[in-house]
Structure formats: C-alpha cells, structure tokens
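Visitor: Before anything else, here's the structure in question.
None of the figures in this text is laboratory data; all of them are computed from the coordinates on show. It should be emphasised that the depicted structure is a prediction, and the values quoted were computed from it without experimental measurement. Methodologically, a virtual Cβ is constructed for each residue, glycine included, from the backbone with ideal geometry; neighbour enumeration extends over all protein chains shown.
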Amino acid sequence: MYQYDTLDRQMLADRSAEFRSQVARRLSGEITEDQFKSLRLMNGLYLQLHAYMLRVAIPYGSLNPTQLRKLAWIGRTYDKGYGHFTTRTNLQFHWIKLRDTPDILDHLASVDMHAIQTSGNCIRNVTADPYAGATAEEVDDPRVWAEALRQWSTFHPEFSFLPRKFKFAVTASPKDRTAARVHDIGLVLKRARDGALGFEVIVGGGMGRTPYVGPTIREFLPVNRLMSYVEAILRVYNRHGRRDNLYKARIKILVAALGKDEFARQVEAEWAKIGDSVDLPDTELARIRGAFARTGFETLPPVSDAFETAKAATPAFARFARNNLKPHKKLGYTIVEISLKGIGDTPGDATSEQMEVVADLAERYGQGDIRVTHEQNLVLPHVKLDDARAVWAALAEAGIATPNINLVSDIIACPGLDYCALANARAIPIAQHIAEKFRDQDRAERIGELKIKISGCINACGHHHVGHIGILGVDKKGEEFYQLTLGGSGAEDASVGAMLGPALPYDRVADAVDTLVEVYLRERQDGERFLDTFRRTGVAPFKEAVYAEAH
Amino acid sequence: MPKLIELKDGVAKGVEDPFTNLADDQDLAEGDVIVSLARFQADGERLLSEGRRVGVRLQAGEQVEALVYDLPRLAVVALEFPKYRDGRAYTNGRLLRDRFHFRGEVRAVGEVLREQAGFMVRVGFNTFEPADDASANEWQAAVHRYRHVYQRAADGRIPVFGERAFAERGA
Amino acid sequence: MKALTANRLTDGEVVFWKAGHWVERFANAQLWTDDDPAAIETEGQGKAQATVVIDVYLIDLVESEGLWAPLSYRERIRALGPTNHPHHGKQAEGGAVIEALQHAHGAARSTGRVNLIKRK
C-alpha cells in the first residue's frame, strides 16, 4: 500500500492548522456563516438535520488496520460509536460537533487521513476497483493511477473552484466495479496489441437530475500522458461549464450540449497546447507503482483441504463462500467481501467494534489491506483459503457475515431524510423493509444478482438511476413517495433505468419490489439475471403486475 | 483608493495603487489606467500612444486569448472574481503566465478572500485587492500556509515529486 | 401555530426558542399563533445571534390528539432523531411528548419550513 512520507504528512498538518484557524474565526464571529460554509464544505463538514456530518476521505477506498482502528476510535469518542461508508468509498460521521472538528482532523492526520476535497466544487475522492491488486482480470493496478490523481488533484490551484463537483473512477478490469461510465471522468485501463498501457477515457457520465452514461472521448490514451490530458479536460470544463444554473453545471451537461465529438475536439486542441510539461516523470510513477507492489504471497496449492472440509461441514460457511468469496489471482488465496447490509441494518453502517474486528482480521489474515466498495461494503482482498473459515467465524460473531453480496438485500441507500438536509424522503427504512422481505437466503440465492439502489432525493447519492431496480424518494403533496426505475446498471454494461410508472407510497414499496422479483422469476430464461430478463422483456410485464395490484 | 497588496519575492506588502480603475461610463482620468476589455478594444491604441501605462480588466467569462497580441504593451491584467466560487480567473491567470509568458502585473479583483491566496499565487497573480480587509501580514501567512505543493503550476514551485527526486539524489 | 427552530453553532444540536433563549426539547418550545407578529420579530432576533445558532426558521405545527406537532415530516425527524436508530437523538429520552410526536397524525409534509433555506 501507498505510504505517506514526510511531505504528504506536512501537507495534512498544514491543512489541519488552516481549518483550526477557520473554525476559530467562525466561533469568534470574525467571519459569517455564509463565508464559513464554503470553507467547511471544502473540508467535508456539512450541517445535517441533527448535527454536523464530517466526511472523511478514503482515497480509492484503501485503508490499513491502523487507519480503520482510528476511525473506530473517532466514532466512539466523537460520534455515537459507528460510522457510515458511502458510495464515494468515504466514511461519514453523522453526529459531529463543530468545536471538536479541529481535534478530529489532527487525529485523522496522525494516521495519514483527512477530509480534504470530500465536498465542494473541486475534484473529489478518486475511486478505484476495490479488487485492485487481487483480481486476475486486471491489466494493471488502478491504484497507481488513482494515487497519482490524488496527488495531482489535491489543492490544485486552477481546478479548486470548478462549476460543480468532479468525480474520477479508475478501473483496469473488464468487469467494472467502479461505475466508471457514470462518473465525470471514468478511466478504464487497457493494453494495446503491442502491450502498451493506455486509458479509455470516458467523460460526462453522471446521475442526479439528468442522468447520462458517459461517452468515450478517447479510445486509447498512453498512460504517461494522463496528467496533461485530464488537465486539458478540466480546463475546457472550468472555462465553459455552466455557472448560471446549479443543476446544469456538471460536465455531463457541457459534453451533452457540445456533443461528444466537439467536446473531444476542444480537449484535444487544448491538450496539444499543454504538451507534456505537466505529465508526471517516470521516476515518480515508478515510485508510486513500487508502493503497491506486493511480495507477501506464499506459494500455495490450488485446492485448500481446510477450506473444502469447512464448506462440507458447515452449510452456513458454504453459503458465505458461495456469495462473499471472489477469485484471487494467486492460487490458494481469495477475496473476502464483508457485507455491511445485515438484514434490518442500515446499509453501509459499521459500529466501532465491527471496524476493529475487520482491522484485526486484516492484520492477522489479510496482509493488512482493507478496501471500501462503492456499494458500501468492505473487502479483505488477500486472504488465504486456509484462513477463510476463521475469518468468516469472526465476522459472524461481529454480526457482519451476511452472505448476500450482489444479492437482493445488498442494497445501496443514501442516508435520506433520516439525516440529510437535502432529502425529500427516507431511504434507509425502505432498504430495511426490502431486506426483511428477502430474509430467506435460499430464495435470495435463487433470485441471483439483483442490485437495488435507493436515493432520498434527485441528487442520486444512492445511485438509483443505475440500480437494476432503482428507487427514488420524492415529496408528493407533502408525503413520502417513491418512483421506481428498472434496468439501470452502473457496470460495464451501463444504462440508465426506465421509469416503471406512477410513484408509490412508503408502505407499498417493499411489496412492489417483491412483485417485480416474482415477475422476473416467472419470465426468466436460462441463466438470466434480473437485468437480462428486463432487457429482453421490457417494462410491460413488470408494470402490469405492480399496478394491477393497485386497482 | 482600494487597498492593494503586492507580493514580491515572497513578501506581501501594502502598496499605493498607481492605477485608476475606470468604469466604462467614466471620464478618462490622468495617468495610469485600468479599463475593461471593451474599452481597451475601442480606445487602447490612443491610451497607449499617450505614454501612460495601461491595464485591462477581464471579466470571468472573458478569455486572455483576446489580449494575446497586446500583452507586451500592457502593464497590468486584472482578472475578476465575480464570486469567490467562480474559478475561471484561475485558468486565465495560468495561461497568461504559462502559455503567453506575460511578465507584467496580474491582479486579482472582485471577491478576493485570503483563503484563495495560495491558489492565486500558484497560477501567477502577484497583486491583490482583498475584499475581506486582510492585512498584508495576514495575506503573507495565507500565501505561505502550505510548505509543499503537489502539482506543477505557473509559479515554478517544485512539486513534492520533485522534492522527493531531489532528496533521493542528495542521499 | 408556529415554533422557532435552529441548529446550535458549536455542536449542530437542534434547538427551539423559548422566551429569550434556546432549548433542546420541542416540548419546551414557545408557540405562537399563526397570525402573531411576535413570531416574525422573534425570528429576526434569533437570526441576529450569528455566533450562537445557524439556520434559524419558523416551522408550522399541526394539532394531533390535543398536542402540537411539527407539520412536516422533516421537522418531526429533527425533533425526534433518525427513524433507523430509535436510541439516537432526542427520542432516546422518551416521555409523553416524544411518544406523541412519534405517533402524531395530521398531514406530515416532508418539507414544510416556513422560510425555506436551501443548505448543504
């Protein structure tokens, strides 16, 4: 993993000191709330319904055990003993006091963490494939490029006051676990026939009020030209992105207005003028790459007797293995996904005790490596098959061994109206009701991959547009209502969901989802996922079933 | 007269502003003037021929490319921040220095707050009209708040990757 | 009826106006009739306390079984705490008023601030 050096640490110390002085100026009345709001937002500090919320950056979702333990400690000391992992792979504390935040930043800095650029109209936390360095599918380690982007974008003097927020995702696998096509910039690493590494550059995807699947503006960008090319994109956006209307300010609106070809032409013209003066030197890239090189793997047999025996002896473990273990590039190893979607729990929440259990397991069995996924789960990317049963047992004891990865109860939900000042409706209780409906794990497995994503308002923090079933909370004449969409996907086959029909009241949503699933089970053909069936049949049979019941 | 802060050799100092900032409908003043792009395009030749120093004030939506051929004759380019959150002037500043090699004064005007000082200096601004009554000392502290920078910009500062390479060679 | 609410600057706690100071319980909030000009005056007074509270605004109330409750669902959640964690927030204290708020009838609007302040 990447290790901060003295220079990185001094940056954090300077940031922490700056924010401490800003808080002091606000508390003394030297600056107004209006002025302070932009400053606190640049540090991920929001005012929500019940308290302040602090969003801590987890660059490309990568944590070490010391960091996770510190997050647990902060949760216990300054919050109510838990934290909430987000779709940006960050961690939010929901019960923070303004007067504590300078100290919290110092504690974060002590483990090389911060809240820099977790809010504001700047380049936000860069996300990457949570299986980076562990999956055999990838052509390169995307973390190398995510880290390079982290450094380049941190306090970028030209691009810290963009028209609107700006999000990067980097992946290097054909199977996209980062939702790259619905990001402001999605970078997909590819290898050319001659072996050269490059990026497919996707620009102008996004969700929110106007969802778009981003077009590819360059099929192959040589990797060593990344910085100058993204600088060209950001410059075109900074100059021409709309600033007159908050809802039309994202880069997706600019790309759609100009058209993909004209946007690409402007970027290429700007890129030609920039030249290679801002590209990272190969020595720095090599230094970053070196930080991610992993040498701790043992040579193991392809089959683990201990693992096979445990599966045969313990059906619950076998179920966990089926759903939560993913293939690793090294023989005898596995990727362990830890679901933060316990039935009836709040999606993405982890208690301080659970964080400590995961930190201990990572240290003992997982080479000290922990990842956060944009689907609000955790990953131990490097676990020996021999140790999988012990890991499972410890997770089960901590209440985080729910065997539901990618299944119907593995639901993304934003905090919604229970916490968020922007929300129109609650998201969490809807997720809880649906999960309860599908508590039967046999049935959940029969249903197979099904991604439900719930947002409490049109800003789409819960990614509802790209849910196989998307659920959007709306305010209809003062009541909580929910619009359902079908057929969205945030993966390599990205698409925006289609509206099912009129919005449903709060207490009918879980039943409607149940009905949708029944239609799928009835209609599906060999091996089809929910998404595949929907794409084949269209919305009609689903619509008919859900609204037939309403009459 | 607005209070002007000048940054020279890393030191921020309060200075008297020798320029008169002329609105488009304002009668021409004696001496050095800063005018809008529209007024410069209409009267620039005359103003320059009178032997005075001339500056141009660009709104956030105007682009420095419009001045490229006049830059060698201009003493000041003033870049407007209509709102603190409007970041277009950063690109104008950077291009003035990096691409068009402008050596004159680049001035920040509008909603200019000390929180932006570090960013402004990095893209090439060297004079400032703070809207928050920041003193030269406060400006100085804001400019030098960060001991390191992560990326190349117009100020020529060596980014952390350069510092690392240097440390390695030294070791 | 109306009440005046805000979040306390130093810790973000939801507070309500009561006779010249801010209290944490909705049960203790001062209430004004809809046409009482004192409500607007007090809102101005509250907004002037910029180093004490932020986002000061009046909320509409509705009568439910003899008690007053915030009209909007959002404001009920502010007065109680999040519905997914029944032990977090003000609802943890319990008591008759909390109980009543939790089961309040009347058109709960999800928005409903009198002077809507968009904020992040």
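Visitor: What percent antiparallel are the DSSP beta bridges of the range B:4-170, to the nearest 5?
Guide: About 30 percent, rounded to the nearest 5.
Visitor: Follow-up question, since we're still on this one. Expressed as a rounded percentage, what relative contact order does the range A:281-347 have, with Cα pairs under 8 Å and six or more residues apart?
Guide: 23
Visitor: Give me A:Phe19, A:Phe85 ranked fewest to most by other Cβ atoms within 10 Å of their Cβ, as a rough exposure proxy.
Guide: Exposure proxy ranking, most exposed first: A:Phe19, A:Phe85.
Visitor: On to the next question. Over all residues in A:283-291, what is the mean tally of Cβ atoms on other chains that come within 10 Å of each residue's Cβ?
Guide: Counting other chains' Cβ atoms within 10 Å and averaging over A:283-291 gives 2.
Visitor: Could you tell me which helices of chain A pass both thresholds, a Cα extent of 20 Å or more along their own axis and a mean Kyte-Doolittle hydropathy of at least -0.5, with helices taken as whole DSSP H runs?
Guide: Going by DSSP H runs, the hits are A:226-240, A:509-523.
Visitor: Would you mind checking the range A:90-117 for residues with the amide N under 15 Å from a putative spin-label position 7 Å along Cα→C-beta of A:Ala291?
Guide: A:111-114
Visitor: Along Cα→Cβ, 7 Å out, is where each label goes; now give me the distance between the ones at B:Ala131 and B:Asp70 in nm to one decimal.
Guide: 2.4
Visitor: Let me ask something else. List the equivalent ellipsoid semi-axes of the range B:4-170 in whole Å, largest first, each obtained as the square root of 5λ for an eigenvalue λ of the Cα gyration tensor.
Guide: They are 30, 18, 14 Å, listed largest first.
Visitor: Moving on to the next point. Could you give the distance between the Cα centres of the range B:1-65 and the range A:232-257, to the whole Å?
Guide: Value for the Cα centre distance between the two parts: 30 Å.
Visitor: In a shell of Cβ-Cβ distance under 10 Å around A:Asn377, excluding A:Asn377 itself, what net charge do Lys and Arg (+1) and Asp and Glu (-1) give?
Guide: That works out to -1.
Visitor: Which of the three applies to the range A:426-502, rounded, prolate or oblate, going by the alpha-carbon gyration tensor with a ≥ b ≥ c and a/c under 1.5 meaning rounded?
Guide: oblate
Visitor: I've got another one for you. How far apart, in nm, are the 7 Å Cα→Cβ label points at A:Ala136 and C:Asn28?
Guide: 6.6
Visitor: Still on this structure, I have one more. Are there any trypsin sites (Lys or Arg not before Pro) in the range B:98-134 that are in a DSSP loop and have at most 16 other Cβ atoms within 10 Å? List them by number.
Guide: B:Arg99, B:Arg103
Visitor: If the cut-off is a Cα-Cα distance under 14 Å, which aspartates and glutamates reach A:Lys384, setting aside same-chain residues fewer than 8 apart in sequence?
Guide: A:Glu298, A:Asp305, A:Glu308, A:Glu337, A:Glu363, A:Asp369
Visitor: While we're on this one: Would you work out which of B:Val35, A:Tyr333, A:Gly399 lies farthest towards the positive end of the dipole of the protein assembly as shown, given +1 charges on the beta-carbon of Lys and Arg and -1 on that of Asp and Glu, about the Cα centre?
Guide: A:Tyr333
Visitor: Continuing with this model, one more query. Kindly point out, ordered by number, any Cys in chain A whose beta-carbon has no other cysteine beta-carbon under 4.7 Å away.
Guide: That list is A:Cys122, A:Cys420, A:Cys457.
Visitor: Could you name the aspartates and glutamates in cross-link range of A:Lys260, using Cα to Cα under 18 Å and dropping any fewer than eight places away on the same chain?
Guide: A:Asp184, A:Glu200, A:Glu219, A:Glu231, A:Glu268, A:Glu270
Visitor: Right, here's the next one. Just the Cα atoms of the range A:26-182: what Rg and Dmax do they give in Å?
Guide: According to the Cα coordinates of the range A:26-182, Rg and Dmax are 16.4, 56 Å.
Visitor: What does DSSP give for the protein assembly as shown in terms of the percent of beta bridges that are antiparallel, rounded to the nearest 5?
Guide: For the protein assembly as shown, the DSSP antiparallel bridge percentage is about 70.
Visitor: Okay, moving on. Given a Förster distance of 45 angstrom, what is the FRET efficiency for A:Leu27 paired with A:Asp5, based on the Cβ-Cβ distance and rounded to 0.05?
Guide: 0.85
Visitor: Right, something else. How would you rank A:Leu39, A:Leu340, going from fewest to most other Cβ atoms within 10 Å of each one's own Cβ?
Guide: Placing the least packed residue first, the sequence is A:Leu39, A:Leu340.
Visitor: Here's a follow-up. Counting partner chain Cβ atoms within 10 Å of every residue's Cβ in B:116-122, what's the average?
Guide: 3
Visitor: Next up: Rounded, prolate or oblate: pick one for the range C:2-110, where a ≥ b ≥ c are the square roots of the eigenvalues of its C-alpha gyration tensor, a/c under 1.5 means rounded, and failing that, prolate if a/b is larger than b/c, else oblate.
Guide: Verdict is oblate for the range C:2-110.
Visitor: Among the listed pairs A:Lys175/A:Lys329; C:Lys18/C:Lys90; A:Lys165/B:Lys13; A:Lys165/B:Lys8; A:Lys326/A:Lys451; A:Lys190/A:Lys329, give every one whose C-alpha distance is greater than 23 Å.
Guide: Beyond 23 Å: A:Lys165/B:Lys13; A:Lys165/B:Lys8.
Visitor: How much length is gained if the chain between A:Asp493 and A:Ala192 is pulled fully straight, taking 0.36 nm per residue apart and subtracting their Cα-Cα distance, in nm to one decimal?
Guide: 106.2 nm
Visitor: While we're on this one: For every other residue with a beta carbon closer than 14 angstrom to the beta carbon of A:Phe155, add +1 if it is Lys or Arg and -1 if Asp or Glu, then tell me the sum.
Guide: That works out to +2.
Visitor: Here is a further query. Which length gain, in nm to one decimal place, applies between A:Val539 and A:Asp34 when the Cα-Cα distance is subtracted from 0.36 nm times their residue separation?
Guide: Fully extending the segment from A:Val539 to A:Asp34 adds 177.2 nm.
Visitor: On to the next question. Go ahead and run the numbers for FRET between A:Glu308 and A:Arg443, Cβ-Cβ distance against an R0 of 30 Å, rounding to 0.05.
Guide: After rounding to 0.05, the efficiency reads 0.70.
Visitor: Give me the one-decimal nm value for the distance between modelled label points at A:Arg265 and B:Gln41, 7 Å along each residue's Cα-to-Cβ direction.
Guide: Taking the two extended label points, one gets 2.3 nm.
Visitor: Going by a ≥ b ≥ c, the root eigenvalues of the Cα gyration tensor, does chain A fall in the rounded group (a/c under 1.5), the prolate group (a/b larger than b/c) or the oblate group?
Guide: rounded
Visitor: While we're looking at this one, here's another question. Using R₀ = 45 Å, calculate the FRET efficiency as 1/(1 + (r/R₀)^6) where r is the Cβ-Cβ separation of C:Leu67 and A:Thr77; round to 0.05.
Guide: Step by step, r from the Cβ atoms, then E = 0.75.
Visitor: Which aspartates and glutamates, on any chain, are close to A:Lys453 with Cα under 12 Å apart, when same-chain ones fewer than 8 places away are left out?
Guide: Leaving aside aspartates and glutamates fewer than 8 places away in the same chain, those within reach of A:Lys453 are A:Glu375, A:Asp410.
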